[in-house]
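One structure is given below, encoded as structure tokens.
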Amino acid sequence: MKHQVRSVRVSLGERSYDVLVGHGLRAELVAMIPEHARRAAVITQEGIPFSVDPGVGYEVFNIGRGEEFKTLSTIETLCRGFADMGLTRNDVVIGVGGGMVTDIAGFAAASWHRGIPVLHVSTTLVGMVDAAIGGKTGVNLPEGKNLVGAYWQPSGVLCDLDTLATLSAREMRCGMGEMAKYHFLTGDDLLDLELVDRIARCVQIKADIVGADEREGGQRALLNYGHTLAHALEIAGDFQLAHGEAVAIGLVYAAHLANVLGRISTARVQQHYDVVGGLYELKTALPPSDPELLLSLMGRDKKALRGLTFVLDGPSGPEVVAGVTAEAALEALGQMSEAK
């Protein structure tokens, strides 16, 4: 029986593109290659058990695994490789992997000749529901995560669910952390859907937000729900905590902070525990951390506008809240540390 394929349109005028979700989609890549492309640079990582044939001449560039390789140095190495292979602005970059790969592939494509087409073949759940879609690209600095980057929309995205069978339980949990975020943004019972529909629904939620606010001038910032503390925890723990795991903890922290600020009730905080820890079966406990270090790292978050800035739940749902005091942020950390 033929597997069903879901197609979601990211509507951005002339830069609109499709995200395909389903099994056995790698063959669809050839149809997504721009007509004028004669060469492709395929960016991936050693150990990803998924290869592609773009139907044109191509070279494969393997980048290192781990956040320590998500750097400007990696971008330079890739661009020098593009120069050696003679990649032109009429050619294409293809990212095959998880969120780190597509972030780097997108930034390299945005930088090379001031921008060439990029396609993403997402191989992880977190990539499929979040990282590969929307055009946010970037690399880390020692001072913070994703501080250097560009908005560069892909020409298309393939989410081949065959790749999910190769993932570890931990990698699947990372994707569930991002799914839990969408639960709070929409109230959708995503777990009641079949996997292909669940992923397609997450893509549609993000596509709708990106279509309305491509460059995070307003609504798109809501996609960072739970991410302010998450990024701080990742950096403070030298990335021993995976992104989706950190987001899960960050969602619960955001609820505590919203409660400290009088935006939501303690019952609503408990709902965050029930969803994140219960329905999605993710860890919610704050790992041993230096509160002052976390506070400093959260202050460097790229969406910080006026002092500490968070996406926080409230009477009308999550919204961006700027000017949060250090005292309130520390109090919420204290509450979470005491929670059982």
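Just so it is clear, none of the values below were taken in a lab; they were calculated from the coordinates. This is a predicted model, so every value here is computed, not measured. Cβ sites come from the backbone with ideal geometry, for glycine too, and all protein chains shown count toward neighbours.
Could you state the principal axis extents of the C-alpha atoms in the range 225-338, from the largest down, to the nearest angstrom?
31, 31, 23
Using the Cα atoms of the range 199-274 to build a convex hull, what is its mean projected area in square nanometres? Intermediate values should be presented prior to the final figure.
Details: hull surface 25.4 nm².
Value for the range 199-274: 6.3 nm².
I need the calculated FRET efficiency for the pair A267 and S337, taking r as the beta carbon distance and R₀ as 22 Å, to the nearest 0.05.
0.60
Residue by residue through the range 216-226, what is 3J(HN,Hα) from phi via Karplus (6.51 cos²θ - 1.76 cosθ + 1.60, θ = phi - 60°)? Round to whole Hz and write x for glycine and proline.
6, x, x, 4, 4, 4, 4, 5, 8, 4, x
H36: net charge of surrounding residues, Cβ under 15 Å, Lys/Arg +1, Asp/Glu -1, itself excluded? Provide the component values of the computation, followed by the final result.
Details: positive: R38, R39, R89; negative: E35, D91.
Around H36, the surrounding residues sum to +1.
When the Cα centres of the range 167-234 and the range 281-331 are compared, how far apart do they sit, in Å?
Computed from Cα coordinates, the inter-centre distance equals 18 Å.
Where both partners of a DSSP beta bridge lie in the chain, what percent of those bridges are antiparallel, to the nearest 5?
Roughly 40 percent of the beta bridges in the chain run antiparallel, per DSSP.
With angles folded into 0 to 90 degrees, how steeply does helix 243-260 sit against the dominant principal axis of the chain? Use alpha carbons for both and round to 10.
Taking the Cα atoms of the chain, the angle to 243-260 is about 30 degrees.
For the chain, state the average projected area of the convex hull of the C-alpha atoms over all orientations, rounded to one decimal in nm². Can you show the working numbers first?
On the way: hull surface 65.3 nm².
That works out to 16.3 nm², a quarter of the Cα hull's surface.
Which translational diffusion coefficient, to the nearest whole µm²/s, is obtained for the range 92-183 from the Stokes-Einstein equation, given a Kirkwood hydrodynamic radius over C-alpha pairs, 37 °C and 0.692 mPa s?
Numbers: Rh = 13.3 Å.
In µm²/s, the coefficient is 246.
About the Cα centre of the chain, how large is the charge dipole given +1 on each Lys and Arg Cβ and -1 on each Asp and Glu Cβ? Please answer in debye to the nearest 20.
With only Lys, Arg, Asp and Glu charged at Cβ, the dipole is about 520 debye.
Considering the options A37, T102, C174, tell which one lies farthest towards the positive end of the dipole of the chain, charges being +1 on Lys and Arg and -1 on Asp and Glu at the Cβ, about the Cα centre.
Towards the positive end, the residue furthest out is A37.
Find the centroid of the Cα atoms in the range 110-153 and in the range 238-256, then give the distance between the two in whole Å.
20
Name the residue from L279, L294, V321 whose Cα lies farthest towards the positive end of the charge dipole of the range 225-338, charges +1 on Cβ of Lys and Arg and -1 on Cβ of Asp and Glu.
V321
With +1 on the Cβ of every Lys and Arg and -1 on the Cβ of every Asp and Glu, and nothing else charged, how large is the dipole of the range 225-338 about its Cα centre, in debye rounded to the nearest 20?
360
Rounded to a whole number of µm²/s, how large is the Stokes-Einstein D of the range 1-144 at 4 °C and 1.567 mPa s, given Rh as the Kirkwood radius over C-alpha pairs?
Answer, rounded: 83 µm²/s.
Let me have the 222 nm mean residue ellipticity of the chain computed from DSSP H runs of 4+ only, each contributing -39500 (n - 2.57), with the sum over all residues rounded to the nearest 500.
-11500 deg cm²/dmol
So how far apart, in nm, are the two label points at L293 and E194 if each is 7 Å from Cα heading toward Cβ?
Calculated label separation equals 4.7 nm.
Gain in length, R38 to M85, computed as 0.36 nm per residue apart minus the alpha-carbon separation, to one decimal in nm?
Separation in residues times 0.36 nm, less the Cα-Cα distance, equals 15.8 nm.
L72 versus E46, label points 7 Å from Cα toward the beta carbon: distance in nm?
Using points 7 Å along Cα→Cβ, the separation is 2.7 nm.
If I fit a long axis through the Cα atoms of helix 169-186 and take the longest principal axis of the Cα atoms of the chain, what angle between them do I get, 0 to 90°, rounded to 10?
70
May I ask for the angle, rounded to the nearest 10°, between helix 326-338 and the longest principal axis of the chain, with both axes built from Cα atoms and the value confined to 0 to 90°?
Between helix and principal axis, roughly 90 degrees.
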